[in-house]
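The values are calculated or read from the model by the stated rules, or taken from the named source; none is laboratory data. If you're wondering where the values come from, they're calculated on a predicted model, not measured in any experiment. In this analysis, Cβ positions are derived from the backbone assuming ideal geometry, glycine residues included, and neighbour counts consider all displayed protein chains. Heads up: the accessible areas ignore ligands, DNA and RNA and are worked out on the full protein's heavy atoms, side chains in. Shrake-Rupley method; radii C 1.70, N 1.55, O 1.52, S 1.80 Å.
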Amino acid sequence: MAVSFNQEKLYDGVDFLTISDSRFKTNYISVKFVTDISAKTASQNAVSASVISKSSADYPDISQLSKALSALYGASINKSVSKIGDSQVVSVSASCIADKYTFDGEKITEKLCDILIGCILRPDLEGEAFEPKKFALDKQELLDDIDAEINEKRSYALQRAGKKIFVGEPAEISSYGDREEAEKLTPESAYKQYRNLLETAEINIIFAGSGNPVCVKEKFAEAFGNLKRDFGKKSTTKRSALKSEVCNETEKLDIVQSKMVIAFKTDCNNPEALKMLNSIYGATPFSKLFENVREKMSLCYYCASRVDKHKGVLLVDSGVEHTNIEKAREAIIAQLKDIADGNFTDEDMQNSLLSIINGVKGFNDSGYAMAMWYFAQKYDGESYSPEEEIERISAVTREDIIAAAKSMKLDTVYVLTGKGEQ
């Protein structure tokens with residue numbers, strides 16, 4: 001049986017997505033809240049995801065929830081907080097083995113739905129606030145996550161560079177928010193914002209597996225039908241505008257290895273050409289950045305590129321010796337110009353195509369991966385399969401790649417270096 005995808009509107013701003021494949025041995029259910037990312041609410045949304053994934057009014061203690069999930073053949077509930085363009089995505093997800101693999105055909109998917117719905121719609125409260133003791137632990141967990149980004153200097157450099165690349169745009173905000181706002185969180189303020197998230201966010205309920213999605217849809221339709229909603233508009237992303245002058249920013253910390261992040265901006269509207277460009281430029285072990293800047297020139301400890309099609313940005317992050325910063329900068333920019341001048345081979349194109357196709361095929365390996373694939377398509381207002389994406393990628397020409405490379409304009413150079421360096 002081939003993978004089948006279906007999307008239905010349950011209520012205004014509430015959609016139910018179904019991905020069915022008989023190969024899957026598990027059922028994956030995810031509820032995703034999509035909202036405009038804001039400095040004031042990002043931390044509140046992040047801590048709320050942690051709170052509701054660990055308890056509910058039905059199971060107020062994490063040990064009780066764990067026991068209930070264990071009884072369902074080791075089912076699990078997890079949370080995640082991420083960012084797509086200018087949007088924050090708060091996810092609470094559950095997974096279990098498919099009903100056809102249980103003893104006596106026990107309907108554990110329905111039972112798991114009830115638990116998940118309880119966590120989302122009936123959290124453990126004390127008045128109009130999250131239960132204080134458990135909230136304090138989740139708040140500290142969030143602060144630790146924020147601190148972890150600072151302590152890992154590569155991610156810290158990317159985060160700090162993002163504030164310069166997307167200055168004045170929602171995308172400059174971390175998916176976790178910042179520490180200053182996180183420290184202000186209270187059980188009352190977080191719950192108030194969580195209620196606002198339930199009422200105003202775009203909600204995507206995703207079922208991916210080999211089971212019958214009808215019972216899942218009916219349970220969520222009934223539960224969310226009683227939810228007070230004031231949905232205004234779908235969260236969207238705007239292309240990041242090119243700065244009138246290149247932003248050159250240097251920050252000094254007590255570090256040994258310097259970090260450099262370079263951002264190019266584009267108005268290219270061919271996402272497949274951007275993927276091929278990115279692969280040839282710096283996303284693979286056979287890319288120009290890896291083979292030339294890292295291996296032949298020995299200018300970087302690491303040097304890799306990634307593309308954000310939503311914001312129209314090609315990003316390069318690297319680890320360099322302080323004395324090599326300027327040489328590495330020039331070499332990184334030169335490699336992109338080389339592609340724009342058409343200096344890449346048919347073998348480069350073929351290797352990049354095979355690499356991308358291999359990655360796209362990987363989305364068929366699990367219900368979770370397929371859920372992520374179709375959710376990303378929905379965010380873009382599209383709905384095409386991994387197989388259709390392979391056809392699009394395969395149609396990219398040399399001229400498309402050259403045009404994508406020529407469209408890139410240098411926007412930001414951020415350097416994180418040691419305090420003792422001159």
- [ ] At a 1.4 Å probe radius, which order do 137, 253 fall into by accessible area, largest first?
- [x] 137, 253
Task: the chain: relative contact order in percent, alpha carbon pairs under 8 Å with at least 6 residues between - done: 21
Task: Computed log₁₀ I(q)/I(0) - Debye formula, equal Cα scatterers, no solvent, region 178-217, q 0.28 Å⁻¹ - done: -0.95
- [ ] Measure nothing but the geometry: give the 0 to 90° angle between the long axis through the Cα atoms of 346-361 and the longest principal axis through the Cα atoms of the chain, rounded to 10°.
- [x] 10
TODO: Take the solvent-accessible surface of the protein heavy atoms, probe 1.4 Å, and return the percent of it on region 63-107 that carbon and sulfur atoms account for.
DONE: 53
- [ ] Report the normalised scattering of region 323-422 as log10 I(q)/I(0) at q = 0.17, 0.20, 0.24, 0.25 Å⁻¹, calculated by the Debye formula with identical scatterers on the alpha carbons.
- [x] -0.95, -1.04, -1.18, -1.22
Task: Mean accessible surface per residue for the chain, computed with a 1.4 Å probe while every protein chain stays in place, in Å² - done: 45
Task: Normalised contact order of region 315-422, rounded percent, pairs of Cα under 8 Å and 6 or more residues apart - done: 36
TODO: Name the residue, out of 412, 266, 323, whose mean-square fluctuation peaks in a Gaussian network model built on the chain with Cα pairs under 10 Å.
DONE: 323
TODO: Compute the acute angle (0 to 90°) between the alpha-carbon long axis of helix 213-225 and the principal axis of greatest extent of the alpha-carbon atoms of the chain; round to the nearest 10°.
DONE: 80
Open item on the list: Just want the answer: with Cβ charges of +1 for Lys and Arg and -1 for Asp and Glu, which residue in 209, 224, 175 is farthest toward the dipole's positive end in region 116-224?
Closed with: 209
TODO: Just report the Cα centroid separation between region 153-181 and region 213-228, whole Å.
DONE: 36
- [ ] Could you state how much accessible area residue 349 has, in square angstrom rounded to the nearest 10, with a 1.4 Å probe and all protein chains kept in place?
- [x] 30
TODO: For each cysteine in the chain, check whether another cysteine's C-beta sits under 4.7 Å from its C-beta; list those where none does.
DONE: 96, 113, 119, 215, 247, 268
- [ ] Quantify, in whole percent, the carbon and sulfur part of the accessible surface of region 317-413 (1.4 Å probe; protein heavy atoms only).
- [x] 50
Open item on the list: Run lengths n ≥ 4 of DSSP H only: what is the helix-derived mean residue ellipticity at 222 nm for the chain, with -39500 (n - 2.57) per run over all residues, to the nearest 500?
Closed with: -12500 deg cm²/dmol
- [ ] Treat every Asp and Glu Cβ in region 1-129 as -1 and every Lys and Arg Cβ as +1, leave all other atoms uncharged, and give the resulting dipole magnitude about the Cα centre to the nearest 20 debye.
- [x] 400
Open item on the list: I need to check one value: relative contact order of region 188-314, counting alpha carbon pairs closer than 8 Å and at least 6 residues apart, in percent.
Closed with: 23
TODO: Report, in debye and to the nearest 20, how large the dipole of region 265-409 comes out about its Cα centre when Lys and Arg carry +1 and Asp and Glu carry -1 on their Cβ.
DONE: 460
- [ ] For the chain, restrict the atom set to alpha-carbon positions and state the Rg and Dmax in Å.
- [x] 23.2, 72
Task: Loop-located trypsin sites (Lys or Arg not before Pro) in region 215-280 whose Cβ has at most 10 other Cβ within 10 Å (DSSP) - done: 228, 233
- [ ] Using every Cα-Cα pair within region 91-136, state what percent have a distance larger than 14 Å.
- [x] 61
- [ ] Treating only the Cβ atoms of Lys and Arg (+1) and Asp and Glu (-1) as charged, compute the dipole magnitude of the chain about its Cα centre; round to the nearest 20 debye.
- [x] 240
- [ ] Excluding residues fewer than 8 places away in the same chain, name every one of the lysines whose C-alpha is closer than 23 Å to that of residue 288.
- [x] 259, 265, 275, 296, 309, 327, 337, 406, 409
Task: Heavy-atom accessible area order for 26, 236, 102, largest first, 1.4 Å probe - done: 236, 26, 102
TODO: Specify the angular offset, from 0 to 90 degrees and rounded to the nearest 10, of the alpha carbon long axis of helix 108-121 from the longest principal axis of the alpha carbons in the chain.
DONE: 80
Open item on the list: Among 413, 360, 381, whose Cα projects farthest towards the positive end of the dipole of the chain, with charges put on the beta-carbon of Lys, Arg (+1) and Asp, Glu (-1)?
Closed with: 413
